[in-house]
Amino acid sequence: MLENPQIQTSPSTFKNRLQQIDWVLLLFLLILSQDGLIPKIAAVAFLYIFRFDLKFGLKNGRLPLFYLLLPAIEILKYFLLGKSYLGNWSTLFASSMYWILSFLVIHQMRLSVEKKGVEKVQNALGIFTIVNFLVCVVQFILVMKATHAFNPYKANVVAPDIKFPNIMHPYGQSSGDLIRGLFSDNHYNAIIAQFLFLFLLFRRKYLLSFLNLLVICAVCYNLVTLLLFMILGLSIFLLKGRKVKFVICAFIVYIISFYAFVTPENIEYLNQRISKSIYSLKENGAEIHVDKTIETEKAPVVQNDSVANPAPKLDALTVGAEKSIYTFDKVSGKKISYEQTRNFLKNNHLYTLAGSGAGTFSSKLAANLSGIYGPTILNKKLPKPDYDVYYKNHGAIITSLESLPIGYHSVNNFPNSVYNQLLSEYGLVGLVVFLVFYLWFFIRKYKKLSFSLFLLPLLLIYFNYAYLFETLDVVVFFELLFFCDLYKEKLEVE
């Protein structure tokens, strides 16, 4: 009697499949995706405990020097600028910690691809995709339960946030704001899902890429969806093979169908946003200036890492007055923030060159340490500098937004932006360091790239809407996927 060869070899096959996964990387990404500074530090510590390596290869240009140059320059500024330096030793320490953590992570991301290979990293990202998708499914079910509707995007009700039950959230077309997945914020969830979608699509892993597409549509971050739609249109002509072209067309049809039948209100919202952005660009800046009669220094609000909605309590949206100090209907908060940065640098040539100091004018660190979002680990443990300049500029935008309904809490109104951060806190020196020692590191390898040619422009766009270097998630995934693209083996044409 012949034995079934499948049954006989299945344990070995299963074991081999398990060995084809970079488990250390997977666990690192799962820990890193959690909200808060402590999980981020724990994730990096975990990575170096199980995969210790300090061979950075700086001499041969293996890693971008950007992450090391910024804290080095900041140390020089701390000692040379004297009283002109708006920070203190705590902002210097905390900011340097963020940059060094980022450097340690990018080293390990490249090491994972170099040592384990693209296939094992891809399998780890596939499992991550499945886990994140399942978390999103659970969150979507909770949203349905909260709205008592099969289609929560059409249920215009106000109910408790599924993560922050003490906060009332307007559902309906904003239901996707609560699909955060494994991350602290729905926007990070959508952006990373978009990056993974493109990676898996180019790797011809259609089912996994579709799971990421489901997440993207569920979140309804219109900027991500619109950009993805455009990229898919281009990919029809760029990718070879009938099967992949057919799959791309099917994905395009799905996106159109989802917006047309599930959440048509978001199409109208997108049109309004585009019209408002065009109108805002035409404004001459008359609404830029702060009303000095309204106090902003003593207005802490609820802390959250959200890009667009820092999870405020709706019964505490006051800034010492019953009205906002800006008219966001006429000019977006983002434009106001850039104008504030420009005026700040224009009035002091030293800051134009070197910046005001890390964590002092426009950054996640400035928001956390200043206490504008309430108590945090940093402002409880570290002495904070004088934040008068921050409170009168970007801090004023944040506190002003907290006096308005949650509908104003859009990424287009918050000052959060890598470009604001680099220009205001690091000056032209910091911007040049970014362009030469970070951006050029990736651009110069363009001949070896495929899907990363899309990822880099996307990242530069998203830099306009969040302090993504400090969040230690979106940029980490970008860098990991970039190295996967750099070391990929050539795919056979279908």
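Key figures for this structure:
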item	result
Residue list for the range 158-167, filter: assigned to a loop (DSSP other than H, G, I, E, B) and either exposed (fewer than 15 other Cβ atoms within 10 Å of the Cβ) or outside the structural domain of V262 (by the TED database) (or both)	P165, N166
Pair list, Cβ under 6 Å, 6 or more apart: the range 90-108 residue under 15 Å from F483 (Cα atoms), other residue part of a helix (DSSP H, G or I) and aromatic (F, W, Y)	F103/Y67
Conditions (1) of a type in the set (A, V, I, L, M); (2) over 20 Å from G430 (Cα atoms); (3) outside any helix (DSSP H, G or I); number of the one not met by L86	(2)
Those residues of the range 172-206 which are among the hydroxyl-bearing types (S, T, Y), under 26 Å from P264 (Cα atoms) and modelled with pLDDT of 90 or more, in sequence order	S175, Y188
Residue match in the range 459-466 (condition: among the aliphatic types (A, V, I, L, M), touching a helix residue (DSSP H, G or I) at 6+ places or on another chain (Cβ under 9 Å) and surrounded by 19 or more Cβ atoms within 10 Å (Cβ to Cβ))	yes
Residue pairs meeting the criteria (Cβ under 8 Å; at least 6 apart or on separate chains; first closer than 17 Å to V135 by Cα, in the range 189-217; second of a type in the set (K, R))	N189/R180
Failed condition for T352, given (1) farther than 23 Å from E339 by Cα; (2) more than 23 Å from the chain's Cα centre (by Cα)	(1)
For L18: the one exception among (1) more than 30 Å from S362 (Cα to Cα); (2) not in a helix (DSSP H, G or I); (3) not aromatic (F, W, Y)	(2)
Residue check, I256 free of Cβ contacts under 8 Å to residues at least 24 places away in the same chain, in contact with a Cys (Cβ under 8 Å, 6 or more places away or on another chain) and either on the phi > 0 side of the Ramachandran plot or in a helix (DSSP H, G or I) (or both)	no
A155 vs. criteria modelled with pLDDT of 95 or more and assigned by the TED database to the domain that holds Y221	no
Test for D329: is it assigned to a helix (DSSP H, G or I) and either closer than 17 Å to E402 by Cα or modelled with pLDDT of 95 or more (or both)	no
Long-range neighbours under 8 Å by Cβ, at least six apart or interchain, first residue in a helix (DSSP H, G or I) within the range 124-145, second among the acidic types (D, E) and buried (at least 22 other Cβ atoms within 10 Å of the Cβ)	A124/D22
Single match in L47, L37, L81, L25 (criterion: in the same structural domain as V429 (by the TED database) and touching a residue at least 60 places away in the same chain (Cβ under 8 Å))	L81
Residue in the range 378-392 that is in a loop (DSSP other than H, G, I, E, B) and of a type in the set (S, T, N, Q) present	no
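The values are calculated or read from the model by the stated rules, or taken from the named source; none is laboratory data. Not measured: the values here are computed from a predicted model. Note: ideal-geometry Cβ built from the backbone for every residue, glycine included; neighbour counts use all protein chains shown.
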